[in-house]
Amino acid sequence: MKIDVLQHISFEKPAAIGEWASDRGHELRIHKLYGRDPVPRPEDIQFLMLLGGPMSANDKESWLEEERWLIRNVISRGTPVFGVCLGAQQIAKALGAAVTPGPKEVGWHPVQATSGTGSFIPDQLTAFHWHGEQFAIPDQAERLFSSAACRNQGFVFRQHVIGLQFHLETTPESVRLLLTHDGDYIDSSRYVQSAEEIENFPVPEENRAVLFHLLDDLVSHVS
């Protein structure tokens, strides 16, 4: 299967999503929006993924609205959609929910499951965060995760759309890329770890397992 991935910045890549695709025999078609690639056509998409990025969903860039137009059209077709961080905020905003400033959350912090969706999801996992904004839960969507810093850490909409504020796709390499290219984002806020703490924390293996299960479940909705 071909999966369309919208990449917002050069240093936020698919990471473990690429490992999942390779393991399952899927092909990722990367659309580098930071390089001015156009958004794909809704009718050509079997599964849409949206990665993170340092920009805000509230920025007045025309491509952000074009992306939300695409999201709305893809969702209306019943096509699976998966978004991470900025990608999740874009999904929420496309569905009419607000994206607002929140406590900055950077580094490895626990998130709690808030739904019975997916027996493979543990009650708590330690996930990687790199955000200062947060989404409201869209109408008709169900909250999936929460944390001390951010009540809305994930949602599922109509079973075929999932948005996560945190990064289950994180690998040691993706951490190094963020620290190298966006390390100035780290400050002394309450929920912000140091670069040393972030880099030395071992990526939990269960995060990869949960990510793979979530993506496998979304694939089951491909028509």
### Hits in segment 115-130 - residues which are open to solvent by 10 Å² or more (accessible area, probe 1.4 Å) and either within 14 Å of the chain's Cα centre (by Cα) or free of Cβ contacts under 8 Å to residues at least 40 places away in the same chain (or both)
Gly116, Thr117, Ser119, Asp123, Gln124, Trp130
### Query
Does Gly52 count as modelled with pLDDT of 95 or more and either of a type outside the set (Val, Ile, Thr) or surrounded by 22 or more Cβ atoms within 10 Å (Cβ to Cβ) (or both)?
yes
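Is it fair to say Ile137 is within 16 Å of the chain's Cα centre (by Cα), hydrophobic (A, V, I, L, M, F, W, C), closer than 24 Å to Glu12 by Cβ and assigned to a helix (DSSP H, G or I)?
Values: within 16 Å of the chain's Cα centre (by Cα): yes; hydrophobic (A, V, I, L, M, F, W, C): yes; closer than 24 Å to Glu12 by Cβ: yes; assigned to a helix (DSSP H, G or I): no.
Answer is no for this residue.
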### Query
Within segment 143-162, is there a residue that is more than 26 Å from Thr79 (Cβ to Cβ), open to solvent by 10 Å² or more (accessible area, probe 1.4 Å), hydroxyl-bearing (Ser, Thr, Tyr) and in a strand (DSSP E or B)?
yes
### Query
Does Leu28 fit the bill of being closer than 29 Å to Gly102 by Cα and either modelled with pLDDT of 95 or more or charged (D, E, K, R) (or both)?
no
### Query
Using beta carbons and a limit of 7 Å, which pairs, at least six apart or on different chains, have the first residue in segment 93-112 and touching a residue at least 12 places away in the same chain (Cβ under 8 Å) and outside any strand (DSSP E or B) and the second one of a type outside the set (Asp, Glu) and open to solvent by 60 Å² or more (accessible area, probe 1.4 Å)?
Ala94/Arg72
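For the condition hydroxyl-bearing (Ser, Thr, Tyr) and closer than 20 Å to Phe135 by Cα, what is the one hit in Ser22, Ser56, Ser10?
Sole residue among the options that is hydroxyl-bearing (Ser, Thr, Tyr) and closer than 20 Å to Phe135 by Cα: Ser56.
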### Message
Among the residues of segment 25-48, are any under 17 Å from the mean Cα position of the chain (by Cα), in contact (Cβ under 8 Å) with a residue 60 or more places away in the chain and either open to solvent by less than 10 Å² (accessible area, probe 1.4 Å) or on the phi < 0 side of the Ramachandran plot (or both)?
### Response
yes
### Message
Tally up the residues in segment 195-223 that are touching a residue at least 24 places away in the same chain (Cβ under 8 Å) and assigned to a loop (DSSP other than H, G, I, E, B), please.
### Response
6
### Query
Inside segment 10-59, can you point out the residues that are part of a loop (DSSP other than H, G, I, E, B) and among the basic types (Lys, Arg)?
Lys13, Arg36, Arg41
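The values are calculated or read from the model by the stated rules, or taken from the named source; none is laboratory data. Note that the coordinates shown come from a computational prediction; the quantities given were computed from them, not determined experimentally. Cβ atoms come from the backbone with ideal geometry, glycine included; neighbour counts cover every protein chain shown. Heads up: the accessible areas ignore ligands, DNA and RNA and are worked out on the full protein's heavy atoms, side chains in. Shrake-Rupley method; radii C 1.70, N 1.55, O 1.52, S 1.80 Å.
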